[in-house]
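Working notes for the structure below.
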Amino acid sequence: MRTVISSEAQRRFGALLAIVEAGESVTITRRGLPVGRLISPESHADEMVARARALRAGSRLDGLTIRQLIDEGRR
């Protein structure tokens, strides 16, 4: 993953798009802090699926049924 400052990103936007098209992601920083990221749509989808799977793996109902959860929410 490349990192560029915001002023450089403005000057080289076309070149950065070519880098992203090639499959690499680019982080844009302002005053040393990340403010944005350029990624391809395919890698974004892959990342979202991985995050959803990680979230799902950490969530447990501890034996509760969906009906019990719904009833608890109505109280």
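The values are calculated or read from the model by the stated rules, or taken from the named source; none is laboratory data. Computed from a prediction, not measured in an experiment: that's the story for all the values here. Here the Cβ is made from the backbone with ideal geometry for all residues, glycine too, and neighbour counts use every protein chain on show.
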May I ask you to verify whether residue 72 is acidic (Asp, Glu), in a helix (DSSP H, G or I) and at pLDDT 80 or above?
yes
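So, in segment 27-36, how many residues would count as being of a type outside the set (A, V, I, L, M), surrounded by fewer than 15 Cβ atoms within 10 Å (Cβ to Cβ) and either over 16 Å from the mean Cα position of the chain (by Cα) or not in a strand (DSSP E or B) (or both)?
3
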Let me confirm something: among 8, 24, which residue is in a loop (DSSP other than H, G, I, E, B) and in contact with a strand residue (DSSP E or B) (Cβ under 9 Å, 6 or more places away or on another chain)?
24
Please verify whether segment 39-58 includes one or more residues that are part of a loop (DSSP other than H, G, I, E, B), free of Cβ contacts under 8 Å to residues at least 24 places away in the same chain, of a type in the set (Val, Ile, Thr) and surrounded by 13 or more Cβ atoms within 10 Å (Cβ to Cβ).
yes
Quick check on residue 14: is it of a type outside the set (A, V, I, L, M, F, W, C) and in a helix (DSSP H, G or I)?
yes
For segment 33-50, which positions are among the charged types (D, E, K, R) and at pLDDT 85 or above?
37
What are the residues in segment 59-74 that are surrounded by 10 or more Cβ atoms within 10 Å (Cβ to Cβ) and either polar (S, T, N, Q) or in contact (Cβ under 8 Å) with a residue 12 or more places away in the chain (or both), if any?
68
